[in-house]
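As C-alpha cells, the structure follows; a few thoughts come after it.
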C-alpha cells in the first residue's frame, strides 16, 4: 500500500532533493488505551481534559516549545508523547524510513517503573530487565515480539496505577519527526508539496497487527486536515547545469526524489531523453508501478529514458541491477564520455550492493578495468559527487 499524498502548501519553499519533515500524531487506539489505564491512577485524577502546565526544573533544560503553553493531557498524549517509538532508536539518524510504532521500551523505562510498583513480584521482574543477566529475557519479552509501551504497562497492572504524572514525561519520549523525500516539483506543482508514502503494517510473534505510526496517520488524513511539517535539505545535490546527464536508480518509494527532479526539468523545458535516464523497480507493473502514467507520458514525449524491472511479472526475478547490466554500454557511454552523475535511492537491504556490483561490472567490461580498478573508479565517483546514494532500512 503506497500512496502519493498531496498537500496544499502556499508558503513552503523547497527544491528537488529536499525532504519534508512531518511530525505525526499517535494513533487514536493507543491514546484510548493509555487513558483507560490512567483512569485507575491512584496518585491523581487523570483524563484527556486534565490541563497541565510544564515548568522548568533545571536552567539547562528548557521547556520544549510544544509544552510552553498549558495543554490538556489528551493533547499531550496525542501530539507530544511517543507511545510507539522503539526504545533503542537512535536520535541522530537522518530518518526517511518509517520508524516503527509500537516497539520496545528502553531499559531505563523498566528501572523507572520499578520505583512505583506495589507488587514485589513485578518489581523483581522490572529490575531483572535492567541487569546484564536479564537481557536475554528482556529480548524475548520485549524486543523479539516488539511488545509495545502500552502493552508493557498493561502487563504490569500493579505498577501502572501508581505512576505520577510528572514521571510520564520520562517514560514517554517526544514524538520524533519523520522525513520523506519530496516527490513534487516546485514549478510544476506550484503551492503544493507531494510525498510518496509506504503504509507500514506487519505482524509479530504476538500475532497482533503493528502499524507504522506516521504512515498510517498520514493515510488516515482527510481533505482539509492540516499537519505540522517543514522542509529540510536532503543529501542529494542535483546538478545545476541542465546539460549534465543523470542516471537515476530508484526502486519502490526511492523514485520519489527523482519525480521531483524530472518534473522540475520538464516544467523548465529542459527534460530530454538523452540526458535523463531512470531505472525503476517494483514487484509488478499492475500493482505498484508508482506514478506509472507520468513516467510513460514523459518517455513517450522523449523527455525521459525509462527502464523498468518488475520482479514478479515473470518466473525469474528481475531487479534494477539486472536492467543496468542489460544496458551497460549506455551506462558506460554516459559516465565515460559525458560525465553523467549517478543517483541511487531506496531500501538499504540488498539493492545498493547489487547496483554497485552492476556498475563495477560495467566498468570492467566496457572500461577494460580490473575488479580492483573498477572499485577504485566507483569510489572516485562517490568522492567527487558523481555517484550519490540515499538509502534507508
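Here is how the numbers come out for the structure above:
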| item | result |
| --- | --- |
| Looking only at the stretch 334-366, and only at residues there that are farther than 20 Å from residue 246 by Cβ and over 33 Å from the mean Cα position of the chain (by Cα), the one that is surrounded by the most Cβ atoms within 10 Å (Cβ to Cβ) | 364 |
| Strands (runs of 3 or more DSSP E) wholly inside the stretch 124-239 that include at least 3 residues being within 30 Å of residue 342 (Cα to Cα) and either modelled with pLDDT under 90 or touching a strand residue (DSSP E or B) at 6+ places or on another chain (Cβ under 6 Å) (or both) | 178-181, 192-198, 228-232 |
| Flag for residue 113 being over 21 Å from residue 9 (Cβ atoms), buried (at least 21 other Cβ atoms within 10 Å of the Cβ) and under 31 Å from the mean Cα position of the chain (by Cα) | yes |
| Where a residue in the stretch 297-310 is in the same structural domain as residue 282 (by TED's automatic domain parsing) and modelled with pLDDT under 95 and its partner, wherever it lies, is surrounded by 18 or more Cβ atoms within 10 Å (Cβ to Cβ) and in a loop (DSSP other than H, G, I, E, B), with Cβ under 7 Å and at least six apart | 309/319 |
| Failed condition for residue 343, given (1) part of a helix (DSSP H, G or I); (2) within 18 Å of residue 237 (Cβ to Cβ) | (1) |
| Residues satisfying the stated conditions in the stretch 333-351, i.e. modelled with pLDDT under 95 and in contact with a strand residue (DSSP E or B) (Cβ under 8 Å, 6 or more places away or on another chain) | 346, 347, 348, 351 |
| Failed condition for residue 278, given (1) outside any helix (DSSP H, G or I); (2) over 23 Å from the mean Cα position of the chain (by Cα) | (2) |
| Residue in the stretch 315-332 that is at pLDDT 95 or above and assigned to a loop (DSSP other than H, G, I, E, B) present | yes |
| Single condition residue 5 does not satisfy, out of (1) assigned to a loop (DSSP other than H, G, I, E, B); (2) at pLDDT 95 or above; (3) surrounded by 14 or more Cβ atoms within 10 Å (Cβ to Cβ) | (1) |
| Any hit, the stretch 94-102, residues being modelled with pLDDT of 90 or more, buried (at least 17 other Cβ atoms within 10 Å of the Cβ) and either assigned to a helix (DSSP H, G or I) or in contact with a strand residue (DSSP E or B) (Cβ under 6 Å, 6 or more places away or on another chain) (or both) | no |
| Lone unmet requirement of (1) touching a strand residue (DSSP E or B) at 6+ places or on another chain (Cβ under 8 Å); (2) buried (at least 20 other Cβ atoms within 10 Å of the Cβ); (3) at pLDDT 90 or above for residue 244 | (2) |
| For residue 41: the one exception among (1) surrounded by fewer than 19 Cβ atoms within 10 Å (Cβ to Cβ); (2) touching a helix residue (DSSP H, G or I) at 6+ places or on another chain (Cβ under 6 Å); (3) modelled with pLDDT of 90 or more | (3) |
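The values are calculated or read from the model by the stated rules, or taken from the named source; none is laboratory data. Just so it is clear, the model here is predicted, and its values are computed rather than measured. Note that we place each Cβ from the backbone using ideal geometry, even for glycine, and neighbour counts take in every protein chain shown.
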